[in-house]
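**Q** Got a structure for you, written out below as structure tokens; questions coming shortly.
The values are calculated or read from the model by the stated rules, or taken from the named source; none is laboratory data. Model, not experiment: these values are computed from the prediction. With ideal geometry, Cβ positions are generated from the backbone for all residues, glycine too; neighbour counts draw on all protein chains shown.
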Amino acid sequence: MGKKLYVGSYTDGDDGASLGVYAFEFDPAAGELRKCGAGVGVPNPSFVAMGLEADAAPTEGSAGQAADVWRSETGATRVAAREAPAVRRLVYAACEVAEQAMVGAFDAATLELVDLVAIDGGAGTCHVLEHPRSLAVYGADYASGSVCGCALNADKTFGRAFPVVRQTGFGLNSVRQEGSHVHTLSFVPGTEVLAAVDLGSDIVSLYELEEDGALRPSAAEVVRLPVGFGPRMVAYHPRLPIAAVVGELACEVDFFRFDADGFGWAPCSGRVRLVDSKIGAPTAAHVAYSPDGRFLYATVRGADVLVALELDEKGHVVRKRRQPCGGAGPRHFSLSPHGVWLAVANLASGTVDVFKRNVRDGSVKLQATTKVLRPSCAVWA
């Protein structure tokens, strides 16, 4: 039985050669990735995320091919759709454009564009996240150092925009940390506390939400990372209240234990360097736990490796393994729901590579590869 994989890509500067979002069918028996769809109509969908199930049919005039443009009092320009079929599952796309915050939504089955929203006050949206109760969708705005968001209608089309919450600050690296750069968002497991990872100012900001899903204007707690760490994203242990924060610039992982309410982050387990050599100016990218919590994986660009950290029952690192990532510039990877397959988006080499994972020792073996122009994200359905 095939597995479906969605791939986001950069579309800037390629004269239309990149279509944006791709769907692939992975055939484990044949070891092949076969393209089975493409989603167009949004610029630079550099990150994609699977949405939750939608229970209602689209409201009249709210879905279909991008057509109508309107501007709300809260500053959202929406490209609405017409005459699309009822949506059961969506794929959200963060549209990384310099001058605007923007998020798109595609039908997961057909990759038809369902809705597109541009939100004033933010820019360079590079990550997208749905509220755990589907109240809203949020974007991490790298260029403006902010968090944008808008309410979701019952059919998952975009509703009113929330006020953009801007962060301030800077870091040690004058090139990469001259100001705030929010890179990723996540909800602390079991809570509705939103964690915004700011690469530019070496912090993770924890936000509480209003009843409608909007962020409160000030962070309830700020987690500080070492100077120059350059935090990129957070991964959460599937069983333990532990968050692993990967530092892109430091090429390290730092661990924190948090309370049941999502706050009270305190360092634990020490800090782990992912690669020992600085040759090639290695920078860390994505990080994720295996479903059983026995391994933490991270990709490192420059060194172009996948690092597997083996963990004990308390979540402490006991062993480190470096493995090839299948190409160059591994920007993102994802594990299939049961943790058997691992897909890597190798941006620099223009490949998406699928590995079979040995669930006992954490090692991986290349099973399939395919060419994709400027792939930036690969997510299993």
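**Q** Conditions: (1) among the polar types (S, T, N, Q); (2) under 17 Å from E112 (Cα atoms); (3) modelled with pLDDT of 50 or more. Q65 meets all but one. Number of the miss?
**A** (3)
**Q** With segment 296-373 as the region, which strands (runs of 3 or more DSSP E) entirely inside it contain at least 1 residues that are at pLDDT 95 or above and touching a Cys at 6+ places or on another chain (Cβ under 6 Å)?
**A** Output list reads 305-311, 330-335, 341-346.
**Q** Counting only residues that are among the hydrophobic types (A, V, I, L, M, F, W, C) and in a loop (DSSP other than H, G, I, E, B), which one in segment 200-246 is farthest from A298 (Cα to Cα)?
**A** Looking at residues that are among the hydrophobic types (A, V, I, L, M, F, W, C) and in a loop (DSSP other than H, G, I, E, B), I get A214.
**Q** Would you point out the residue of segment 250-262, among those that are buried (at least 21 other Cβ atoms within 10 Å of the Cβ) and assigned to a loop (DSSP other than H, G, I, E, B), that is farthest from the chain's Cα centre (by Cα)?
**A** So, considering only residues that are buried (at least 21 other Cβ atoms within 10 Å of the Cβ) and assigned to a loop (DSSP other than H, G, I, E, B), the one farthest from the chain's Cα centre (by Cα) is F258.
**Q** Among what's in segment 313-344 and is of a type in the set (A, V, I, L, M, F, W, C) and more than 20 Å from F24 (Cα to Cα), pick the residue that is surrounded by the most Cβ atoms within 10 Å (Cβ to Cβ).
**A** So, considering only residues that are of a type in the set (A, V, I, L, M, F, W, C) and more than 20 Å from F24 (Cα to Cα), the one surrounded by the most Cβ atoms within 10 Å (Cβ to Cβ) is V317.
**Q** Can you run down the residue pairs with Cβ atoms below 6 Å, 6 or more apart or on separate chains, where the first is in segment 112-123 and touching a residue at least 60 places away in the same chain (Cβ under 8 Å) and the partner is among the aliphatic types (A, V, I, L, M) and part of a strand (DSSP E or B)?
**A** Short answer, once both residue conditions are applied: L116/V79.
**Q** Ok, one more. Just name the residue that is farthest from the chain's Cα centre (by Cα) out of those in segment 263-291 that are in a loop (DSSP other than H, G, I, E, B) and among the small types (G, A, S). Even if it seems obvious, please write down each step before you answer.
**A** First pass over segment 263-291, keeping only residues in a loop (DSSP other than H, G, I, E, B): 263-265, 274-282, 290-291.
Keeping just the survivors that are among the small types (G, A, S) gives 264, 277, 280-281, 290.
On the way: G264: 24, S277: 27, G280: 25, A281: 23, S290: 16 Å.
If we take residues in segment 263-291 being in a loop (DSSP other than H, G, I, E, B) and among the small types (G, A, S), then S277 is farthest from the chain's Cα centre (by Cα).
**Q** So in segment 252-295, with the set limited to residues that are in contact (Cβ under 8 Å) with a residue 12 or more places away in the chain and acidic (D, E), which one is farthest from P241 (Cα to Cα)?
**A** Checked segment 252-295; the qualifying residue farthest from P241 (Cα to Cα) is E252.
**Q** Out of curiosity, is E178 within 28 Å of R331 (Cα to Cα), over 20 Å from the mean Cα position of the chain (by Cα) and either without any contact (Cβ under 8 Å) to a residue 24 or more places away in the chain or in a loop (DSSP other than H, G, I, E, B) (or both)?
**A** The answer is yes for E178.
**Q** Filter segment 211-238 down to the residues that are exposed (fewer than 14 other Cβ atoms within 10 Å of the Cβ) and basic (K, R), then identify the one that is nearest to G293 (Cα to Cα).
**A** Only one residue tops the list, namely R224.
**Q** Which of the following residues is modelled with pLDDT of 95 or more and on the phi > 0 side of the Ramachandran plot: G247, G280, G262, G270? Let's see the steps before the verdict.
**A** Details: G247 fails: on the phi > 0 side of the Ramachandran plot; G280 fails: modelled with pLDDT of 95 or more; G270 fails: modelled with pLDDT of 95 or more.
Just a single option satisfies the conditions, and that option is G262.
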